[in-house]
Amino acid sequence: MRPRTAGRRPEPSLSRLSPELRTRVWVEFVGLPPRLWSEGAAAACLDEFGALTRFDAASFRRATRMVAEARVARVADLPRRFTVMESVPGTGFVPHPVSLVVLSAEPVSGRRRGEDEEEEPI
């Protein structure tokens, strides 16, 4: 993990298009209250391990679960549990223990869809 600098949030180390992010995963955030379901929250939870690629809050609310697609270097690097701290005016911070469940993982090829492989000379 990258060290956190006091007073500022670290920037993501990898772009979602980075070639190092070779695995597409669908993850579910179990235990995160619905009022905190946002693209920013999902990205913040994943930015040290990969990059968020798809987030649809409307479909989450219909399904009553928060699921997101991300690109990661290695599935094993994803934390199984972490704590999200919610800032509540007048109260301070409220911790929310969250479990990250990997629903599926698949390798992503380096080629774009529709590109043909070059034939090697015989």
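Remarks
- From most to least packed by mean Cβ count within 10 Å, the peptides 53-59, 63-69, 91-97 give 63-69, 53-59, 91-97.
- Two-site FRET efficiency, Arg80 against Arg35, from Cβ-Cβ distance with R₀ of 22 Å, rounded to 0.05: 0.40
Rule-based calculations on the coordinates, nothing more; no lab input. The structure presented is a predicted model; accordingly, all values stated were derived computationally and were not measured. A quick note on method: Cβ atoms are made from the backbone with ideal geometry, for glycine too, and the neighbour counts reach across all protein chains shown.
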